[in-house]
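Encoded as structure tokens, the structure appears first; notes follow it.
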Number of protein chains: 2
Amino acid sequence: MKRAAVRMADVAALAGVSAGTASKALNNTGQLSQETRDRVRRAAAQLGFTPDARGRALSSGRTFTVALLTTDSSGRFSIPIMRGVEDVLSAGELATVLCDTRDDPLREQTYLRSLVARGVDGIVVTGRRTEPRRPINVSLPVVYALAPSTDPEDASVVVDDTAGAASTVTHLLSLGRTRIAHITGPSHHRSAVQRAEAVVASAGDALCGEPVYGEWSEQWGRQATDLVLRQRPDAISCGSDQIARGVCERLRELGHSVPGDIAVTGYDNWPVMALASRPPLTTVDLRLEELGRRAATLLLEAIDGRAHHGVLELPAQLITRESTLGT
Amino acid sequence: MKRAAVRMADVAALAGVSAGTASKALNNTGQLSQETRDRVRRAAAQLGFTPDARGRALSSGRTFTVALLTTDSSGRFSIPIMRGVEDVLSAGELATVLCDTRDDPLREQTYLRSLVARGVDGIVVTGRRTEPRRPINVSLPVVYALAPSTDPEDASVVVDDTAGAASTVTHLLSLGRTRIAHITGPSHHRSAVQRAEAVVASAGDALCGEPVYGEWSEQWGRQATDLVLRQRPDAISCGSDQIARGVCERLRELGHSVPGDIAVTGYDNWPVMALASRPPLTTVDLRLEELGRRAATLLLEAIDGRAHHGVLELPAQLITRESTLGT
């Protein structure tokens, strides 16, 4: 196994900075300008500089590894969040380990014991639900992403579902829609309830009936369409892209044009649903990569001894397509 | 940070085996019966045994970490493969690091340098395509999964697409279908070509026209349906579940019943497509978790000095549902 012979001092010399500054830039610590950080990283890339992680771990007591602990077996949410986490950490040469607990508390305990034994620097905890979750019990820096910790002393980064759902209603109202129905997932899912409450609050008189709760599936979208058509809506706001896709399919079968007769909005911006839908869906992007980047940044600060507390809400982003705008 | 006080000797005593046997069982090495391995693992779980990974790394020169290097940014293929890899490795207390190269050769080089510097024990290389790929250039045990290495000296585990596609044809013939059409993805994708050639070879006289190549999308499935209907098929075999879902949708729009008039088969067993399709799809499961388990087992043997060479083909599995069987 060949080791790179390039030293931190070589990187510093090429970048025209001190070795200390080069180290800070590559480890994403300290107060440096973005320009300096970029210059050091370019120099490191140019020279093929690789810090010996095991050597660093021995001298510093750190392993320069961060774990992403997830309950999301499908990777639907954890993969984009991991991409964001990696964006931030890989610049500082930290490795990210993905641990899939498969929503099994025993498996979670086993992973936590193993991560503590390995001496990881910190843990990002994420999942596929937005319900607040009990905190994990480790003496390490931890940041929660998507699902916040129930302990207000912990640092959590979540998506602002209230503003996200409200943005679809504002969009529908701006298009002149006056009778808005809402179809969503299970009433025991926080994301369904939060989005529904935001739709009710922002639609006001334009709401044409109570939100209809059911499942996160296309099939439920098709079934619920028949129910809400009795409310004679000119727009149907949906709690997920899967539901919205089912709604569009059922409306087409019944001869209603989308968005001519009825505009439809989804939620999630899951390409395989939002783009395959006929027509493609106006929807809300959860910005999961940005969520991962913010969680990783908070974690690095916590590792550096500057821990944050409380819940940081990130804005979601409305993406407009043919299901409301037409062609 | 609290360390577990349980030692390997305690685990061995509870399991009624020697410390050497307990170590082999937990590290997935040596020749032991499955029953012994299971007994030791249960004992370890019961006592909450956690080997100190850093201590082991220092004494053995190993870090007990394996990397999964993937080009599959969506996680569609890499997440199930990773689950399989973890199944095998976590029993031996090895951590799995997921590295997403985003199909960028520079990013891949950076990851490889970093993994070598960290002294990982081995690497599983995977992707989202089945094309043979150039080998990675590291002096570490490596196993390729899904996409084989072009070097016959390397160890690769792949899905037997030829047998998988043939199994759909055998199934259609057994149902009495005599006019089989085939719609698939791009002709420059190895998986599309292999599956199409297998369909042609196994359908024989029952093939009612040349395979139709296009895209991996529902939209292409809908478009291609109109093309192949001129061949007057009583069955349409598709190269992916997305294509098959589009075919079913278009057939329904045109008033053809599935499978009454025309039976349809998919490929991949991707739940979000295969189950949401109307009707749900008969399809081929790639058994990606099993692929991951086999790759991890080969990697452990290579780490132990018993490297395999050549390509191991795993059988895929036909899953029958309403799109061929009816309700």
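The values are calculated or read from the model by the stated rules, or taken from the named source; none is laboratory data. Predicted model only: the values in this text are computed from it and were never measured. As a convention, Cβ positions derive from the backbone with ideal geometry for all residues, glycine included, and neighbour counts pool all protein chains shown.
Observations on the model:
- Members of region A:221-262 that are in contact with a helix residue (DSSP H, G or I) (Cβ under 6 Å, 6 or more places away or on another chain), among the hydrophobic types (A, V, I, L, M, F, W, C) and under 22 Å from residue A:194 (Cβ atoms): A:235, A:236, A:238, A:243, A:247
- Filtered residue count, region A:91-111, keeping only those that are more than 9 Å from chain B (Cβ to nearest Cβ) and over 22 Å from the mean Cα position of the chain (by Cα): 1
- Odd one out for residue B:157, checked against (1) at pLDDT below 95; (2) buried (at least 20 other Cβ atoms within 10 Å of the Cβ): (1)
- Count of residues meeting criterion [buried (at least 18 other Cβ atoms within 10 Å of the Cβ), among the small types (Gly, Ala, Ser) and at pLDDT below 85] in region A:44-83: 4
- When B:181, B:117 are checked against the criterion of being touching a Pro at 6+ places or on another chain (Cβ under 8 Å), of a type in the set (Gly, Ala, Ser) and not assigned by TED's automatic domain parsing to the domain that holds residue B:86, B:181 stands alone in meeting it.
- Meeting the requirement of 3 or more residues that are more than 14 Å from chain B (Cβ to nearest Cβ) and buried (at least 19 other Cβ atoms within 10 Å of the Cβ), the strands (runs of 3 or more DSSP E) wholly within region A:206-302 are A:235-238, A:263-265.
- Long-range neighbours under 9 Å by Cβ, at least six apart or interchain, first residue within 14 Å of chain B (Cβ to nearest Cβ) within region A:1-22, second assigned to a loop (DSSP other than H, G, I, E, B) and modelled with pLDDT of 75 or more: A:1/B:119; A:1/B:138; A:1/B:139; A:1/B:140; A:2/B:139; A:11/A:17
- Only one of B:197, B:210, B:218, B:153 that is in contact with a Pro (Cβ under 9 Å, 6 or more places away or on another chain) and not assigned by TED's automatic domain parsing to the domain that holds residue B:85: B:197
- Consider region A:172-205 and keep the residues that are assigned to a helix (DSSP H, G or I), of a type outside the set (S, T, N, Q) and more than 23 Å from the chain's Cα centre (by Cα). The one that is surrounded by the most Cβ atoms within 10 Å (Cβ to Cβ) is A:172.
- Taking first residues from region A:187-207 that are of a type in the set (S, T, N, Q) and partners that are in a strand (DSSP E or B), the Cβ contacts under 7 Å between residues at least 6 apart in sequence or on separate chains come to A:187/A:213.
- Among the residues of region A:108-143, not one is in contact with a helix residue (DSSP H, G or I) (Cβ under 8 Å, 6 or more places away or on another chain) and among the aromatic types (Phe, Trp, Tyr).
- Selection of region B:220-279 for residues being acidic (Asp, Glu) and at pLDDT 95 or above yields B:226, B:234, B:241, B:249, B:261, B:268.
- Of the candidates B:318, B:314, the single residue that is under 17 Å from the mean Cα position of the chain (by Cα), more than 21 Å from residue B:151 (Cβ to Cβ) and part of a strand (DSSP E or B) is B:318.
- Residue identified as over 28 Å from residue B:309 (Cα atoms) and either among the polar types (S, T, N, Q) or touching a His at 6+ places or on another chain (Cβ under 9 Å) (or both) among B:202, B:149: B:202
- Among residues of region B:126-142, those that are within 12 Å of chain A (Cβ to nearest Cβ) and either among the hydroxyl-bearing types (Ser, Thr, Tyr) or within 21 Å of residue A:48 (Cβ to Cβ) (or both), counted: 4
- Residues of region B:142-171 satisfying the condition of being part of a helix (DSSP H, G or I) and of a type in the set (S, T, N, Q): B:162, B:167, B:168, B:170
- Among the residues of region B:85-95, those that are modelled with pLDDT of 80 or more and surrounded by fewer than 23 Cβ atoms within 10 Å (Cβ to Cβ) comprise B:87, B:88.
- Test: residue in region A:100-120 that is out of contact with any Asp or Glu (no Cβ under 9 Å at 6 or more places or on another chain), closer than 26 Å to residue A:310 by Cβ and assigned to a strand (DSSP E or B): no
- Failed item, numbered, when residue A:123 is tested on (1) part of a helix (DSSP H, G or I); (2) touching a residue at least 40 places away in the same chain (Cβ under 8 Å); (3) within 13 Å of chain B (Cβ to nearest Cβ): (1)
- Residues satisfying the stated conditions in region A:254-275, i.e. on the phi < 0 side of the Ramachandran plot and either aromatic (Phe, Trp, Tyr) or within 22 Å of the chain's Cα centre (by Cα) (or both): A:265, A:266, A:267, A:270, A:271, A:272, A:273, A:274, A:275
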